[in-house]
Amino acid sequence: MYKKNILFFIFFLLVFLQYTCTSPDIIEYNSSPVKICVNNLFIKGHVHASPQNNTLTLKLTVKNHSKTNTVYVGYLNAAMLIGPERYAMPETTRQFKKTINPGEKEKYILLYQPVNHQEIFNKTRYRGDLKQTYKLGLGFIGNNISQQANQDTLYFSVPEADYTNYLYNYGQDINYNLYEMAHCNNFIVDQQKHLKYIDLFCDNANPENPSLPENIVLASGSDIILNNKVLKLSGYHTGKTLILDIGVVNMGTGNLKADLKKLGIHANGICIKPKAIDSEFFTYNTAYDSTYILNPGARFFFQMTFPADKAFDEFELDTSWLFALCRGEAHSNNNYHRLLKNNLIFKKES
């Protein structure tokens, strides 16, 4: 009898754990207040989310109890508030009533794809984990197009236990480590001297632009500008992979040359080559020569992935792969010189 009780208890515990730890297919948000009755209007909203793609679905019911007034619902302006001065606009492929006559009601189904974590999204295009709470202002509902019905707000929140379960099963924010370029104090001065030394083609040295200084060098955040050559670099680590996005825009008069075989990073005292290079601009194959010429006006974007079991505190990007055409014949390799004097340091954001 005792053994049977033990086995029953174990069976019950396993069933309970399976139920409580199951990955939720739908995240249900509670509405507060449950409904709003104001100015002869009945308004009720419900929100649920898909944890696989972090898409919100709003089901909104608006009923006009007025005997004389028509209600206007500008549902395409139903902004879902994510945080201070950040909101998501609705998406829908269906058409709903914009005017509700006395005694009538309409049900709206709107989709939202909120950018929950702006910094992660800017570098990774991942919109971030779902927020525990969203807000919907009701100013888009009025007695006519210009008059708002009220300033009330619907609050949608996930219970604490359900939100914890969602983060455990689907949360990705914690798995992203973002990197930023660490520009040394003398970066601009050294780079200006370098550009002058290699005698780089410079539009601003042209007599047509005599008022502009030569060898313009700007560095801010993930952007570097070198005499109308624009570089944008950002990196992040997720899972067991380090991902580095690089964009090059040649807005000058001289060519740029990229030798992708020289791409690599240095971390923890070792040199690491990319395991993949992806771009819509070219197909990269390590078995062949991968040298590309960027003519004036050309844009060049690609993504590199490196093996990394864990995020490095910092790494160094080898910049010897990017060359600029200096004064001379374009077809002479002797006239191409390294565009950046030094390698670039990336540090993990705290």
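Structural remarks
- Residues (in contact with a helix residue (DSSP H, G or I) (Cβ under 8 Å, 6 or more places away or on another chain) and either hydrophobic (A, V, I, L, M, F, W, C) or surrounded by fewer than 17 Cβ atoms within 10 Å (Cβ to Cβ) (or both)) located in segment 216-231: Ile216, Val217, Leu218, Ala219, Leu226
- Considered as a group, the residues in segment 68-126 that are hydrophobic (A, V, I, L, M, F, W, C) and over 17 Å from Phe140 (Cβ atoms) include one that is nearest to the chain's Cα centre (by Cα), and that residue is Phe121.
- Selection of segment 245-278 for residues being in a strand (DSSP E or B) and over 19 Å from Tyr292 (Cα atoms) yields Ile265, His266, Ala267, Ile270, Cys271, Ile272.
- Strands (runs of 3 or more DSSP E) (entirely within segment 78-136) containing at least 3 residues that are of a type in the set (D, E, K, R): 105-112
- Scanning segment 194-214 turns up no residue that is at pLDDT 85 or above, polar (S, T, N, Q) and either assigned by TED's automatic domain parsing to the domain that holds Gln303 or buried (at least 18 other Cβ atoms within 10 Å of the Cβ) (or both).
- Note on segment 116-141: residues that are buried (at least 19 other Cβ atoms within 10 Å of the Cβ) and of a type in the set (Asp, Glu) total 1.
- Leading residue by the ranking (farthest from Asn175 (Cα to Cα)) among those in segment 232-249 that are in contact with an Asp or Glu (Cβ under 8 Å, 6 or more places away or on another chain) and buried (at least 20 other Cβ atoms within 10 Å of the Cβ): Leu233
- Condition met for Asp173 (within 24 Å of Asp245 (Cα to Cα) and either surrounded by fewer than 19 Cβ atoms within 10 Å (Cβ to Cβ) or modelled with pLDDT of 95 or more (or both)): yes
- Filtering segment 48-71 to residues that are farther than 30 Å from Asp173 by Cα and outside any strand (DSSP E or B) leaves His65, Ser66, Lys67, Thr68, Asn69, Thr70.
- Counted residues, segment 94-130 - those being in contact (Cβ under 8 Å) with a residue 40 or more places away in the chain and of a type in the set (A, V, I, L, M, F, W, C): 5
- The residue that is modelled with the highest pLDDT, counting only those in segment 34-64 that are over 17 Å from Ile141 (Cα atoms) and more than 23 Å from the chain's Cα centre (by Cα), is Val47.
- Unmet requirement for Gln113, which otherwise passes all of (1) within 26 Å of Asp245 (Cβ to Cβ); (2) buried (at least 18 other Cβ atoms within 10 Å of the Cβ): (2)
- Members of segment 50-83 found to be small (Gly, Ala, Ser) and in contact with a Phe, Trp or Tyr (Cβ under 7 Å, 6 or more places away or on another chain), listed by number: Gly74, Ala78, Ala79
- Residue among Glu180, Glu160, Glu106 that alone is buried (at least 16 other Cβ atoms within 10 Å of the Cβ) and modelled with pLDDT of 95 or more: Glu106
- Close pairs from segment 174-194: first in a loop (DSSP other than H, G, I, E, B), partner surrounded by 12 or more Cβ atoms within 10 Å (Cβ to Cβ) and among the aromatic types (Phe, Trp, Tyr), Cβ under 6 Å, at least 6 apart: Tyr176/Tyr236
- For segment 83-97, the criterion of being outside the structural domain of Asp245 (by TED's automatic domain parsing), touching a Ser or Thr at 6+ places or on another chain (Cβ under 8 Å) and not aromatic (Phe, Trp, Tyr) is met by no residue.
- Asn5 being modelled with pLDDT under 95 and not assigned by TED's automatic domain parsing to the domain that holds Asp129: yes
- Qualifying position, being outside the structural domain of Ile243 (by TED's automatic domain parsing), touching a strand residue (DSSP E or B) at 6+ places or on another chain (Cβ under 6 Å) and polar (S, T, N, Q), among Gln113, Gln151: Gln113
- Which numbered condition Asn185 fails, given (1) in the same structural domain as Met89 (by TED's automatic domain parsing); (2) at pLDDT below 95: (1)
The values are calculated or read from the model by the stated rules, or taken from the named source; none is laboratory data. None of these values were measured; they are calculated from a predicted model. All Cβ positions, glycine included, derive from the backbone under ideal geometry; neighbour counts span all protein chains shown.
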